[in-house]
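Chemist: Quick one: structure below, then a few questions.
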Amino acid sequence: MSMTRTSYRWWQMCGSQASELHVTIYESSSLRHYRADTMTRPSCCVQISLLLLLVNFSLAAETGNSTDIEVPERRALELGDVPTAKAFIESTEIAVVGFFVDPETPEFGYFNTIVKNHPEWDYGITTSTDVLRHYKIDSNAISIFRQADNFRDDMVVALVEELSTAKLYRFLTINELRLVTDYNPMTAIGLIACKVQIHLIFFTHKDVKEQEEIIRELREAAKELRGQVLFVKMDVNTKSNQKIMSFFKLKKSDLPLISIYDTESNRKQIMKSDEITAESVKTFCLDFLSGAGEDESENVKTEL
């Protein structure tokens, strides 16, 4: 995809974060939880530990009792045929599918590690010849399907040098564009690479009480504008995102507020409506797409 220097700079307003993604970001959830626990350990931990040991010894002494709690292991959905695969992919915002011609390979383990440790995505897995043929897969690959812009991207294992769980996680995170995408340095890369040039930005912060209700309305509008407009949530509590807020000449007291931006022509427009509903957002976007409404492109060019 060809991009103007202006549009690239627009999504680079977060500073140098997006360019530093070579750092390995993968860390297992169990390690994070352990760290959190050790940081918040109360001063009476020794007494509590002794009490727990006494309880464990008492329970273990009783025949048939066990102190171990078995937690069901997360598994990807088996996609045994084409209709099942299509239904699964169409049922969720982000579908991650492991296509395996040969499951007896390291990437099969990497995929399952992601499934176990990252519940933020929905997973499917298949070795079906019919499914592989339908999706034009002829070697092991992990694919991401997203509804926001009817997009699919394949990580073909044979083309990746020294694939690891960290590289797979990075690939999925970069390509995670939801109906309403949280803006961060990782999703910024996906936004830059996306073919949809019109981005609607919802500026908000943690003190906006109606935030969840607004996001529900935005998701409804986004469903009808798939492939035309990308919807982005911009939390200005994040310091780097405050630069983007100033780019649009906004103050925190103005929020919540919606703006729309054309990364190709540099047009931008602020939504004037006081009530943010799916219908009002849809009308705002369609007016912008048709060229109607106030054009603020000159201000953008001057700032850049």
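Chemist: Assign unit charges at the C-beta atoms only (+1 for Lys and Arg, -1 for Asp and Glu), then state the dipole size of region 129-181 relative to its Cα centre in Debye, rounded to the nearest 20.
Modeler: Values: 7 positive and 8 negative charges, 34 e Å.
It comes to approximately 160 debye.
Chemist: Excluding ligands, DNA and RNA, what is the solvent-accessible area per residue of region 231-273 at a probe of 1.4 Å, expressed in Å²?
Modeler: 41
Chemist: Put a dot 7 Å past each Cα toward the Cβ at residue 101 and residue 193; how far apart are the dots in nm?
Modeler: 2.2
Chemist: Please report the carbon-and-sulfur percent of the accessible area for region 129-225; probe 1.4 Å, protein heavy atoms only, DNA, RNA and ligands left out.
Modeler: Here carbon and sulfur together make up 46 percent of the probe-accessible area.
Chemist: Another question, then. Take residue 290 and residue 206, extend 7 Å from each Cα along the Cα→Cβ direction, and tell me the distance between the two endpoints in nm.
Modeler: 4.2
Chemist: Starting from the Cα-Cα distance between residue 82 and residue 136, subtract it from 0.36 nm times their residue separation and give me the gain in nm to one decimal.
Modeler: So the chain would gain 18.2 nm between residue 82 and residue 136.
Chemist: Can you give me the Rg/Rh ratio for region 79-172, using Cα atoms for both radii and the Kirkwood formula for Rh?
Modeler: Details: Rg = 12.3 Å, Rh = 13.3 Å.
Result: Rg/Rh = 0.92.
Chemist: Which pairs, out of 195/252; 195/251; 116/206; 167/252; 86/209; 86/116, put more than 28 Å between their alpha-carbon atoms? Each step should come with its number before you reach the end.
Modeler: Numbers: 195/252 30 Å; 195/251 30 Å; 116/206 30 Å; 167/252 36 Å; 86/209 38 Å; 86/116 23 Å.
Pairs exceeding the cut-off: 195/252; 195/251; 116/206; 167/252; 86/209.
Chemist: When ligands, DNA and RNA are left out and all protein chains stay put, how many square angstrom of accessible area per residue does region 69-148 have with a 1.4 Å probe?
Modeler: The answer is 52 Å² per residue.
The values are calculated or read from the model by the stated rules, or taken from the named source; none is laboratory data. What you see is a predicted model, and the numbers here were worked out from it, not measured in a lab. For neighbour counting, all protein chains shown are included, and Cβ atoms are generated from backbone atoms with ideal geometry for every residue, glycine included. Just so you know, the surface numbers come from the protein's heavy atoms only, side chains and all, with ligands and any DNA or RNA stripped out. Shrake-Rupley method; radii C 1.70, N 1.55, O 1.52, S 1.80 Å.
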